Amino acid sequence: MFEYKVDDNISLKLLNKSDAEDLYALINSNRLYLRQWLSWLDKIKEVNDTVSFINNTRDQFANNNGFQAGILVDQKLTGIIGLHEIDWEDKKTEIGYWIDQNYQGRGIITKACKALLDYLFNRLKLNKVEIHCAEQNTKSQQIPLKLGFVREGLIREAQWLYDHYVNLVIYGLLASEYVNRDDEKC
Ligand SMILES: CC(C)(COP(=O)(O)OP(=O)(O)OC[C@H]1O[C@@H](n2cnc3c(N)ncnc32)[C@H](O)[C@@H]1OP(=O)(O)O)[C@@H](O)C(=O)NCCC(=O)NCCS
């Protein structure tokens with residue numbers, strides 16, 4: 001079972017079918033808050049939809065195309081962090097994330113991203129990681145900025161959010177810019 005310890009309280013784990021009820025309950029209690037920035041809320045109508053999501057994430061992992069991991073705080077599922085896919089030819093990927101409204105502002109997503117960067121650059125040897133944030137989602141943009149990503153530009157009306165388009169700001173971090181690379185530690 002894939003489980004990655006971030007610190008004493010936080011870990012990331014590949015989800016199982018047995019997590020479907022908890023994930024559904026978590027999404028349900030955060031619907032309005034998540035809808036502001038995430039486009040998939042209306043696709044999750046019943047527990048079976050989270051079962052399908054979990055099955056897809058396990059296929060994604062089995063196909064060596066990245067993963068979606070549950071964020072556990074003291075073993076409680078509080079959010080999801082994952083990769084949209086891995087572009088092996090260009091050695092790059094994009095991180096996405098969300099967390100329970102009640103667990104915001106404790107640095108959990110920043111710490112989870114940091115752990116993921118270590119895995120992506122040091123274990124998978126990728127060359128580039130991107131994070132795409134809606135232009136108005138300043139809270140989310142703080143995360144790549146705190147982690148040393150470079151703002152590379154803005155793509156206009158790149159995401160449809162229920163009834164309007166939003167511009168996306170692209171943040172990128174290169175392996176050569178990442179300060180915790182294994183080859184820099186010696
Ligand atoms: C965006 C989100 C992932 C942040 O998660 P989090 O665990 O609260 O993030 P962290 O605590 O690690 O860091 C948040 C940073 O944003 C800053 N921040 C908090 N509220 C803010 C606000 N209203 N405006 C600007 N910055 C804000 C905090 O100061 C913090 O930085 P600090 O550690 O220097 O104080 C979370 O709010 C969320 O899930 N939002 C809904 C879904 C979403 O937007 N997903 C991202 C799509 S790109």
Pick from segment 124-146 the residues that are open to solvent by less than 20 Å² (accessible area, probe 1.4 Å) and in a strand (DSSP E or B): which of them is nearest to the ligand (Cβ to nearest atom)?
Cys133
How many of the residues making up segment 126-149 are farther than 17 Å from Gly105 by Cβ and among the charged types (D, E, K, R)?
3
Going by what's in this entry, would Val166 be described as in contact with an Asp or Glu (Cβ under 9 Å, 6 or more places away or on another chain) and either open to solvent by less than 20 Å² (accessible area, probe 1.4 Å) or more than 10 Å from the ligand (Cβ to nearest atom) (or both)?
yes
Which of the residues belonging to segment 89-123 are out of contact with any Ser or Thr (no Cβ under 6 Å at 6 or more places or on another chain), near the ligand (Cβ under 10 Å from one of its atoms) and in a loop (DSSP other than H, G, I, E, B)?
Gln104, Gly105, Arg106, Gly107
Complete set of residues in segment 163-186 that are touching a helix residue (DSSP H, G or I) at 6+ places or on another chain (Cβ under 7 Å) and not in a strand (DSSP E or B)
Ala175, Tyr178, Asn180, Arg181, Asp182
Among the residues of segment 1-56, count how many are among the polar types (S, T, N, Q) and within 16 Å of the chain's Cα centre (by Cα).
3
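Would it be correct to say that Ile86 is touching a residue at least 12 places away in the same chain (Cβ under 8 Å), more than 7 Å from the ligand (Cβ to nearest atom) and in contact with a Ser or Thr (Cβ under 8 Å, 6 or more places away or on another chain)? Outline the logic, then answer.
Details: touching a residue at least 12 places away in the same chain (Cβ under 8 Å): yes; more than 7 Å from the ligand (Cβ to nearest atom): yes; in contact with a Ser or Thr (Cβ under 8 Å, 6 or more places away or on another chain): yes.
Yes.
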Contacts under 6 angstrom Cβ, first residue in segment 31-59 being free of Cβ contacts under 8 Å to residues at least 40 places away in the same chain, partner among the aromatic types (Phe, Trp, Tyr) and not in a loop (DSSP other than H, G, I, E, B), 6 or more apart:
Val47/Tyr24; Thr50/Tyr24
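Taking segment 124-139 only, how many residues are of a type in the set (Val, Ile, Thr) and under 15 Å from the mean Cα position of the chain (by Cα)? Even if it seems obvious, please write down each step before you answer.
Quick first cut of segment 124-139, residues of a type in the set (Val, Ile, Thr) only: 129, 131, 138.
Those still in the list that are under 15 Å from the mean Cα position of the chain (by Cα) too: 129, 131.
Total meeting the criteria: 2.
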Taking Leu124 and the conditions (1) in contact with a strand residue (DSSP E or B) (Cβ under 7 Å, 6 or more places away or on another chain); (2) under 24 Å from Ser11 (Cβ atoms), which numbered condition does it fall short on, given that it satisfies the others?
(1)
When you scan segment 1-82 for helices (runs of 4 or more DSSP H) that lie fully inside it, which ones turn up with 1 or more residues that are open to solvent by less than 40 Å² (accessible area, probe 1.4 Å) and in contact with a His (Cβ under 9 Å, 6 or more places away or on another chain)?
none
Long-range neighbours under 7 Å by Cβ, at least six apart or interchain, first residue at positive phi and in contact (Cβ under 8 Å) with a residue 24 or more places away in the chain within segment 142-159, second of a type outside the set (A, V, I, L, M, F, W, C) and surrounded by 13 or more Cβ atoms within 10 Å (Cβ to Cβ)
Gly148/Glu177
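The values are calculated or read from the model by the stated rules, or taken from the named source; none is laboratory data. Just so it is clear, the structure is predicted and the values come from calculations on it, not from any experiment. Cβ coordinates were reconstructed from backbone atoms using ideal geometry, including for glycine residues, and neighbour counts include every protein chain displayed. For accessibility, only protein heavy atoms count, side chains too; no ligands or nucleic acids. Shrake-Rupley method; radii C 1.70, N 1.55, O 1.52, S 1.80 Å.
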